1. Can you pull out every residue in segment 116-137 that is surrounded by fewer than 16 Cβ atoms within 10 Å (Cβ to Cβ), touching a residue at least 40 places away in the same chain (Cβ under 8 Å) and within 17 Å of GLY17 (Cβ to Cβ)?
2. Anything in segment 156-205 that is in a strand (DSSP E or B), in contact (Cβ under 8 Å) with a residue 60 or more places away in the chain and either more than 23 Å from ILE93 (Cα to Cα) or hydroxyl-bearing (Ser, Thr, Tyr) (or both)? List them, or say none.
3. What residue, of ALA50, ALA26, ALA37, is touching a Gly at 6+ places or on another chain (Cβ under 9 Å), assigned to a helix (DSSP H, G or I) and modelled with pLDDT of 95 or more?
4. Do we have any residue at all in segment 64-75 that's surrounded by fewer than 13 Cβ atoms within 10 Å (Cβ to Cβ), among the acidic types (Asp, Glu), over 20 Å from PRO115 (Cα atoms) and touching a helix residue (DSSP H, G or I) at 6+ places or on another chain (Cβ under 9 Å)?
5. Please work out if THR199 is modelled with pLDDT of 95 or more, on the phi > 0 side of the Ramachandran plot and crowded, with 16+ Cβ neighbours inside 10 Å.
6. Would you be able to tell me the number of residues in segment 155-168 that are crowded, with 19+ Cβ neighbours inside 10 Å and not hydroxyl-bearing (Ser, Thr, Tyr)?
7. Tell me yes or no: at least one residue of segment 247-261 is under 26 Å from VAL155 (Cα atoms) and surrounded by 13 or more Cβ atoms within 10 Å (Cβ to Cβ).
8. Confirm whether SER6 is polar (S, T, N, Q), more than 25 Å from SER122 (Cα to Cα) and surrounded by 16 or more Cβ atoms within 10 Å (Cβ to Cβ).
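The values are calculated or read from the model by the stated rules, or taken from the named source; none is laboratory data. In this text the structure is predicted, and so the values were computed from the model without any measurement. With ideal geometry, Cβ positions are generated from the backbone for all residues, glycine too; neighbour counts draw on all protein chains shown.
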Amino acid sequence: MNTETSGILYIVATPIGNLEDISARAIAVLSSVSLIAAEDTRHSGRLLQALGVDTRMMALHDHNERDRAQQLLSKLESGEDIALISDAGTPLISDPGFVLVREARRRGLQVSPVPGPSAIISALCAAGLPTDRFAFEGFLPAKKGGRCAILERLVSESATLVFYESPHRILDSVADIAEVMGADRELVIARELTKTFETFYSGAASEVLQSLRQDPHGSRGEFVIMVAGAVKDAADEGMEEADRLLKLLLPELPVKKVAKIVADITGKSKNDLYQRALSLKEA
């Protein structure tokens, strides 16, 4: 593919609420491209009208992305520039666009991000939870069984966990977090970010659940749930390094010898390391 003659696929972030959050570059790109692929053309049409942008649109959503992607790729290959937008925020983050972007990359086409609003980052930066490591898990499953299974898998995760949630499931999801991860697990929920009724709820999971239930608006709007990471037991601190050493030495040396060497290096109990080494050897 000749990238000098092909068009550019712009991934354009749009406001998650406050229209003033749109960047000057985003407006310029949306005005200059030949086509805008939008998740919902009616919803995006109101945004473009407010911005004074009259570029034509094509719908690209979960149900038609594979078919529409081929049309858009053909246009890109013929030299047209195209912008991809979602209903709000940064495209592809729990929104359509993956199929299109992956195939565009595979074909050697230029894909260029136009950064801007993101509910995940907006929520995290104001939540007061650790942000050095976080794991975005998208939407939790709609049914309790699937939801609890995901939460149980993540209960020991030490990174801050981030979920999106819809208004009709927010109470059930927070109740399940309190049940599976503990009523005392620290929780922060952002509702209606950058909008008139932007609200943050924070505290122990049980307290946040109570706050949502007491707030007449607590089940309205768009939600970002942030769960503090699990605190590791003191006994587990540093065991990652010990396990790494055990795995390196076990193929070469007897278990007892390995346990003594790793104990000398890490300061951990030789007996504990011996039992751990046995478990690793049998695994």
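1. Correct list: ALA126 only.
2. THR160, TYR164, SER202
3. Residue meeting the stated conditions: ALA26.
4. no
5. no
6. 4
7. Yes - at least one qualifying residue is present in segment 247-261.
8. For SER6, the condition - polar (S, T, N, Q), more than 25 Å from SER122 (Cα to Cα) and surrounded by 16 or more Cβ atoms within 10 Å (Cβ to Cβ) - is met.
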